[in-house]
Structure formats: structure tokens, C-alpha cells
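Notes for the one structure printed next.
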Amino acid sequence: IDGGKMQVSKEFLAVHSPVLAKMFVGNDTQEVEIKAVDYEGFVSLLEVIFPGRYAIADKNVVDILKLGRRFEMERVLYLAETHLTHSDYSF
């Protein structure tokens, strides 16, 4: 991601994203490149989907919404939209 590497379970990501699930089908390699994604933004996204790590804040909500849409993560979108509903964030 963005020239960096991270170790994340492909199965875990696939459960949360149909887009990522499609990327992993038939891919037996240990590494998968995800292009055009900011490393820190992806870390923020992971913090939202990992249990006990709900980390949406005004500073990262836009990135999380963009990535949630890109990877079709319905729960992430719901949580980000809920955050915006209860926040004073303005675009």
C-alpha cells in the first residue's frame, strides 16, 4: 500500500469487503498490491474494522468514507456517516 507493506489477514479483509474478496480469489501469493491508497488512510480503515478499535474522528472521516466506498464496506460507511451525523464536521 503506497509503497509500504503491512501484514493483514486476507480472509479478514475479504469478510469486510467484496471488492477485496474478489482481489484475493485465486491469489495464492503472500503479497497483494493495493494501488492508489494512502498508507495512513488504510491504517485508519483497518482501525475501524478491527474489533475494539473504532477510530473514526473528524480528521480521518473523509478518508474512511472514500475507502469505504471504494472497497464497498457497508459497515464502515454506516459508522462514518453516523460519526458525521453527530459531529460538527463541515466540508
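The values are calculated or read from the model by the stated rules, or taken from the named source; none is laboratory data. Since we're looking at a predicted model, the values are computed, not measured. Using ideal geometry, Cβ is built from the backbone for each residue, glycine included, and neighbour counts are taken over all protein chains shown. To get the accessible areas, we keep the full protein, side chains included, count just its heavy atoms, and leave off ligands, DNA and RNA. Shrake-Rupley method; radii C 1.70, N 1.55, O 1.52, S 1.80 Å.
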Part of a helix (DSSP H, G or I), open to solvent by less than 70 Å² (accessible area, probe 1.4 Å), touching a residue at least 60 places away in the same chain (Cβ under 8 Å) and out of contact with any Phe, Trp or Tyr (no Cβ under 9 Å at 6 or more places or on another chain): does that describe Val76?
-> yes
Among the residues of segment 33-49, which ones are open to solvent by 80 Å² or more (accessible area, probe 1.4 Å) and not charged (D, E, K, R)?
-> Ala36
Inspect segment 23-32 for any residue being open to solvent by 80 Å² or more (accessible area, probe 1.4 Å), β-branched (Val, Ile, Thr) and more than 11 Å from the chain's Cα centre (by Cα) and give the result as yes or no.
-> yes
Only one of Val43, Val25, Val37, Val32 that is touching a Phe, Trp or Tyr at 6+ places or on another chain (Cβ under 8 Å) and of a type in the set (A, V, I, L, M, F, W, C) | Val32
When residues of segment 39-74 are filtered for being of a type in the set (Phe, Trp, Tyr) and on the phi > 0 side of the Ramachandran plot, how many remain?
-> 0
Pick from segment 50-66 the residues that are of a type outside the set (Phe, Trp, Tyr), open to solvent by 20 Å² or more (accessible area, probe 1.4 Å) and under 20 Å from Gln7 (Cα atoms): which of them is farthest from the chain's Cα centre (by Cα)?
-> Gly52
Picked from segment 79-91 (must be open to solvent by less than 100 Å² (accessible area, probe 1.4 Å), out of contact with any helix residue (DSSP H, G or I) (no Cβ under 7 Å at 6 or more places or on another chain) and not in a loop (DSSP other than H, G, I, E, B)), the residue farthest from Phe24 (Cα to Cα) is Thr82
